[in-house]
Amino acid sequence: MQDSTTHMAEPAASSSRYTGIAIALHGLLAIGLIYQLGLGVWMGDIPKTPPGLRAEWFNWHKSVGLVLGLLIVLRGLWRLTHRPPNLPDSLPAWQAWAASANHAVLYLCMVTMPVSGFLGSSFTAYPIKFFGTPLPRLWDASAELKEIFSGVHTTCSYLFMAAIALHIMAAAWHMVRRDGVLKRMLP
Ligand code: HEM
Ligand code: HEM
């Protein structure tokens, strides 16, 4: 009798939380992406003279951005092959809807940021250096295309920051309400 109670309680407990892999990828990307957004905004103010310093930070941003892009691919693959756990029944429908809408915006930005950053940089005259190693040039430089992808990169970064701010405010609100939502994503 005791055995079957324990057995029955298990599936409900495990399906109310994200898996360890999802939690690890979410945490790693949260830290990495917030760092990368801050770095991107900060590095824009580095003076162009003396030469070198600005390029070094830009190359660091590009390398970190490509690693984050790889982690985002892994996360996307995880997400496509796993259903997220059900939300607590007590959660109002509008909140569940708002959460999925904002998650969709977050995923959209997670894809657009590294792709637009890479494409923008690939159309400049300089090679992208991945932690010091120049990557092969894929196509000729184009000032016009560089401008377009840089514009997408910058505009999307604002949307991303707004969506993250909303997401963190929602997480804080769930923490105060102790409704079990935050717990799902904590190790
Ligand atoms: C998750 C990935 C990324 C995030 C969150 C991110 C974020 C940002 C932000 C916030 C800025 C400042 C925007 C502005 O004030 O104009 C920026 C600029 C920039 N980023 Fe990224 N970035 C990412 C990936 C990349 C990648 C992969 C590359 C290139 C391989 C890249 C190249 C650049 C460059 C060259 C700039 C300077 C402005 C420009 O020319 O567009 N970024 N990034
Ligand atoms: C750059 C920062 C962040 C990004 C891009 C991000 C992105 C996401 C995404 C896309 C999901 C949906 C997962 C899915 O079901 O597919 C999610 C869920 C979640 N995130 Fe974040 N997150 C960030 C930071 C944070 C922070 C700082 C916290 C709070 C401490 C947090 C708490 C949560 C919680 C509790 C969930 C689960 C929501 C639910 O149960 O539906 N996130 N996050």
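In segment 59-106, of all residues being of a type in the set (F, W, Y) and more than 23 Å from A170 (Cα to Cα), the one that is modelled with the lowest pLDDT corresponds to W78. Scanning segment 155-187 for residues that are away from ligand 2 (no atom under 13 Å from the Cβ) and under 15 Å from I34 (Cα atoms) gives a single hit, Y158.
Those residues that are farther than 20 Å from A55 by Cα and under 15 Å from the mean Cα position of the chain (by Cα), I need them from segment 116-162; list them, please. Reasoning before the result, please.
So the first thing to find is which residues in segment 116-162 are farther than 20 Å from A55 by Cα, and the list is 138-140, 144-145, 148, 152, 155-162.
Residues satisfying the conditions are C156, S157, Y158, L159, F160, M161, A162.
How about segment 129-154: which of its residues are part of a helix (DSSP H, G or I) and charged (D, E, K, R)? E144, K146, E147 - these are the residues of segment 129-154 that are part of a helix (DSSP H, G or I) and charged (D, E, K, R).
Considering only residues of segment 86-128 that are among the β-branched types (V, I, T) and not in a helix (DSSP H, G or I), which is surrounded by the most Cβ atoms within 10 Å (Cβ to Cβ)?
Residues of segment 86-128 among the β-branched types (V, I, T): 105, 111-112, 115, 124, 128.
Pick out the ones that are also not in a helix (DSSP H, G or I) and you get 124, 128.
Details: T124: 14, I128: 21.
The qualifying residue surrounded by the most Cβ atoms within 10 Å (Cβ to Cβ) is I128.
Scanning segment 40-55 for residues that are in a helix (DSSP H, G or I), closer than 16 Å to Y126 by Cβ and within 13 Å of ligand 1 (Cβ to nearest atom) returns M43, R54, A55.
The listed residues are T112, T81, and the only one of them that is of a type in the set (V, I, T), farther than 24 Å from L39 by Cα and without any contact (Cβ under 8 Å) to a residue 60 or more places away in the chain turns out to be T81.
The values are calculated or read from the model by the stated rules, or taken from the named source; none is laboratory data. Note that this is a predicted model, so its numbers are computed, not measured. Using ideal geometry, Cβ is built from the backbone for each residue, glycine included, and neighbour counts are taken over all protein chains shown.
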